[in-house]
Amino acid sequence: MKCLVCSIVLVFASAASAQATQAPLSSPDGSLQVKVAAGPAGTITYAVQRSGVPVILPSALGLQFAGLDLSRKLTLGAASPITPVAERYTMATGKRRVIDYAANEQRFTVNNAQGQAVDVVFRVSNDGVALRYVLGQVPDGAGAMLREGTAFSFAPATRAWLQPMQVAQTGWMHTNPAYEEHYRMDVPVGTPSPLAAGWVFPALFQAGNTWVALTEAGMDGSFHASRLQAQSPGGVYRIGTPMAAEVMPGGALLAQAATGLRSPWRVLAIGSLATVMDSTLGTDLAAPAIAFDAARMRPGHAAWSWGLLKDDATVYGVQKDFIDYAADMRWDYVLVDADWDRKIGYAKIAELAAYAAAKNVGLFLWYNSSGSWNKTSYTPKGQLLTHAQREAEFARLAQLGIKGIKVDFFAGDGQSMMAYYLGILNDAAQHGLLVNFHGATLPRGWARTYPNLMTAEAVKGLEFTTFEQRDQDAMPAHAAMLPFARNLFDPMDFTPMVFGDVPNIRRATRNGFELALSVLFLSGVQNFAEVPAGMATVPAYVKTFLQELPRSWDDSRFLDGVPGKYLMLARQAGQRWYVAGINAQTAAQTFTVDLSFLEGKRGALITDGAGERAFSQQEIAAGKAVITIKPHGGFVAIFN
């Protein structure tokens with residue numbers, strides 16, 4: 001009998017040893033490795049290496065619900081066989097049209113002291129790591145989630161580029177959070193957020209020659225959206241949750257425990273800066289597309305009066321002029337902004353829609369999403385709160401020939417609010433309507449799942465540069481940061497491009513910088529802020545460039561850049577390549593840009609001329625191109 005006890009002890013010891021020596025999960029090319037292990041005091045950790053060098057140090061895993069604790073006193077159970085994952089999908093908007101995703105997946109079962117289980121699923125691709133939780137059988141009374149234990153531990157020398165998360169119910173008319181802060185750039189890891197709500201996704205880090213972009217994807221409405229906590233002592237960042245006010249009235253804040261509940265993917269794009277910038281993990285980990293009429297899935301460019309002309313321009317005559325403007329620019333849409341229902345009315349909107357259709361231009365109409373959660377008074381307000389309301393309103397819009405909606409002023413990231421977003425997307429899809437979210441959350445890969453989602457704000461966009469000079473002065477560095485984080489995976493409605501004057505503001509950027517944003521910023525519908533008077537000042541070749549600018553891209557390639565300082569990208573549409581760059585620094589910079597992939601083609605380059613508002617045009621060859629960009633300037637080049 002004594003010997004049998006010894007045997008049992010030896011078996012358990014062997015199991016514990018097996019846990020501690022679990023073989024790493026590697027990417028298909030072997031460059032990335034994830035190690036899952038039993039940590040001290042009943043914790044389970046994961047760590048990530050790139051080419052044998054630690055990137056994410058051992059970091060905690062786990063979830064805790066009101067009646068179910070899967071964050072402590074844990075044991076690491078069986079690991080599944082490694083399964084290859086291979087997907088090919090297409091995107092109407094984004095960095096490239098056809099995307100191939102390949103990864104290795106493994107599922108690790110984690111048990112608490114009561115024998116309750118959660119599976120932690122890891123996927124490792126050549127450009128990053130993703131993990132998610134899948135609950136096992138849930139006991140009665142497990143209730144709402146209290147916290148998520150997932151952490152990301154960086155070495156002390158790591159640097160960070162982070163945007164503070166806005167505190168709920170602050171800002172103009174209590175409309176925060178809306179992801180509308182400036183980034184803290186190149187700060188030491190562990191720097192506390194200046195706002196108690198934490199840091200937003202995506203968050204960018206540099207550890208030596210390795211870059212990491214953190215975000216999440218795979219939001220199906222059953223889970224709240226997350227962020228990073230405000231405090232990160234020792235460079236350990238932890239998942240944070242929304243604030244209490246970030247809900248539909250009476251709705252749930254955090255996810256509810258349920259058998260089979262799946263968390264969103266926690267996504268880590270990892271590699272060289274070029275690898276991270278070219279990565280599509282933010283959509284690779286999103287769910288496949290819902291059904292949507294392909295004939296209505298039309299990315300495009302839009303004229304928009306409100307950016308510079310504000311509320312007084314939302315009247316019939318001005319909007320008719322902007323339809324003429326869009327037609328002249330060969331753009332696809334006009335966005336009619338807030339209070340159109342009071343200042344124009346449905347009957348006259350029907351007239352405008354018919355007038356626009358005759359010129360091959362479609363209309364987007366603005367809506368105030370909010371019920372009682374903020375103090376906004378713009379209308380139409382509160383007409384999209386329920387499925388029944390949306391069905392009636394969307395049917396009416398479809399009958400009028402409206403192509404899309406811009407929906408503004410959401411309350412934040414609680415579970416019930418995330419379900420509200422998806423309710424709008426699903427109902428709009430049923431009526432063939434395109435969608436633009438404003439005052440809104442980060443889309444988190446929804447552009448793949450919902451092909452009718454053309455864009456979303458979730459950025460401190462151009463409108464802020466028209467309100468205060470300090471935001472205009474910060475514009476060059478801010479714009480040079482956005483493609484590295486906010487616009488890395490998800491479409492972004494920054495509403496770029498002004499060549500003329502901004503009322504009561506001294507513009508900080510040159511015209512070449514403004515023009516380059518039309519290529520650098522990704523948005524399914526690019527709402528341009530420039531008005532007819534400003535467009536009338538540009539040379540004919542600039543107008544032609546904007547008339548012929550592609551609506552979507554077949555491929556994209558990072559060429560060079562430093563977050564917040566400068567950036568150069570190349571994008572392909574058919575047989576043409578468009579190269580664009582900006583210099584956010586206060587001195588001119590000369591760059592040698594590797595354009596050898598263009599195979600000896602010659603192109604036309606448009607850049608800044610002698611004055612701050614001037615353009616110039618010249619030829620440019622492929623190969624090793626030497627390009628000088630003026631301070632706060634930029635360029636575009638087309639290679640046929």
Taking region 332-357, which residues are in contact with a helix residue (DSSP H, G or I) (Cβ under 8 Å, 6 or more places away or on another chain), in a loop (DSSP other than H, G, I, E, B) and not charged (D, E, K, R)? Ala338, Ile344
Residue match in region 358-366 (condition: of a type outside the set (D, E, K, R), modelled with pLDDT of 95 or more, over 31 Å from the mean Cα position of the chain (by Cα) and not in a loop (DSSP other than H, G, I, E, B)): yes
Could you check, for region 584-607, whether at least one of its residues is over 30 Å from Val187 (Cα atoms), without any contact (Cβ under 8 Å) to a residue 24 or more places away in the chain and touching a Gly at 6+ places or on another chain (Cβ under 9 Å)? yes
So in region 55-80, with the set limited to residues that are of a type outside the set (A, V, I, L, M) and outside any loop (DSSP other than H, G, I, E, B), which one is farthest from Tyr133 (Cα to Cα)? Pro58
Regarding region 295-312, can at least one residue be identified that is surrounded by fewer than 17 Cβ atoms within 10 Å (Cβ to Cβ), modelled with pLDDT under 95, small (Gly, Ala, Ser) and in a helix (DSSP H, G or I)? yes
Of the residues Leu453, Leu434, Leu442, Leu422, only one is under 19 Å from Tyr367 (Cα atoms) and surrounded by fewer than 24 Cβ atoms within 10 Å (Cβ to Cβ); which? Leu422
If you take the residues of region 32-60 that are of a type in the set (A, V, I, L, M, F, W, C) and either more than 31 Å from the chain's Cα centre (by Cα) or not assigned by TED's automatic domain parsing to the domain that holds Pro233 (or both), which of them is surrounded by the fewest Cβ atoms within 10 Å (Cβ to Cβ)? Ala41
Restricting the search to region 182-218, which residues are more than 23 Å from Val48 (Cβ to Cβ) and surrounded by 22 or more Cβ atoms within 10 Å (Cβ to Cβ)? Tyr183, Ser193, Ala197
What number of residues within region 577-626 satisfy the criterion of being at pLDDT 95 or above, among the charged types (D, E, K, R) and either surrounded by 21 or more Cβ atoms within 10 Å (Cβ to Cβ) or closer than 12 Å to Gly512 by Cβ (or both)? 1
Tabulated pairs, region 346-364, first assigned by TED's automatic domain parsing to the domain that holds Tyr325 and touching a residue at least 60 places away in the same chain (Cβ under 8 Å), second of a type in the set (Val, Ile, Thr) and surrounded by 13 or more Cβ atoms within 10 Å (Cβ to Cβ), C-beta under 7 angstrom, 6+ apart or interchain: Phe364/Val336; Phe364/Ile405
Mind listing whichever residues of region 191-249 are under 17 Å from the mean Cα position of the chain (by Cα) and of a type in the set (Lys, Arg)? Arg227
Restricting attention to region 12-54, the residues that are at pLDDT 95 or above and either outside any strand (DSSP E or B) or hydrophobic (A, V, I, L, M, F, W, C) (or both) number exactly 20
Those residues of region 159-189 which are assigned to a strand (DSSP E or B) and either among the acidic types (Asp, Glu) or not assigned by TED's automatic domain parsing to the domain that holds Leu253 (or both), in sequence order: Asp186
Ala274: hydrophobic (A, V, I, L, M, F, W, C), under 30 Å from Glu87 (Cβ atoms) and touching a Phe, Trp or Tyr at 6+ places or on another chain (Cβ under 8 Å), yes or no? yes
Spans of helices (runs of 4 or more DSSP H) in region 431-535 with at least 1 residues within 25 Å of Ala217 (Cβ to Cβ), polar (S, T, N, Q) and touching a residue at least 60 places away in the same chain (Cβ under 8 Å): 446-449
Among the residues of region 252-304, which ones are closer than 20 Å to Met481 by Cα, of a type in the set (Ser, Thr, Tyr) and touching a helix residue (DSSP H, G or I) at 6+ places or on another chain (Cβ under 8 Å)? none
Applying the selection to region 215-232, what residues are closer than 26 Å to Ala258 by Cβ and either touching a strand residue (DSSP E or B) at 6+ places or on another chain (Cβ under 7 Å) or hydrophobic (A, V, I, L, M, F, W, C) (or both)? Thr215, Glu216, Ala217, Gly218, Met219, Phe223, Ala225, Ser226, Arg227, Leu228, Gln229
Of all residues in region 378-409, count the ones that are under 16 Å from Thr175 (Cα atoms) and without any contact (Cβ under 8 Å) to a residue 60 or more places away in the chain. 5
Filter result (among the polar types (S, T, N, Q), at pLDDT 95 or above and surrounded by 14 or more Cβ atoms within 10 Å (Cβ to Cβ)) within region 61-100: Gln64, Ser71, Thr75
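The values are calculated or read from the model by the stated rules, or taken from the named source; none is laboratory data. Just so you know, these numbers come straight off a predicted model, no measurement behind them. So basically every Cβ, Gly included, is an ideal-geometry build from the backbone, and we count neighbours across all protein chains shown.
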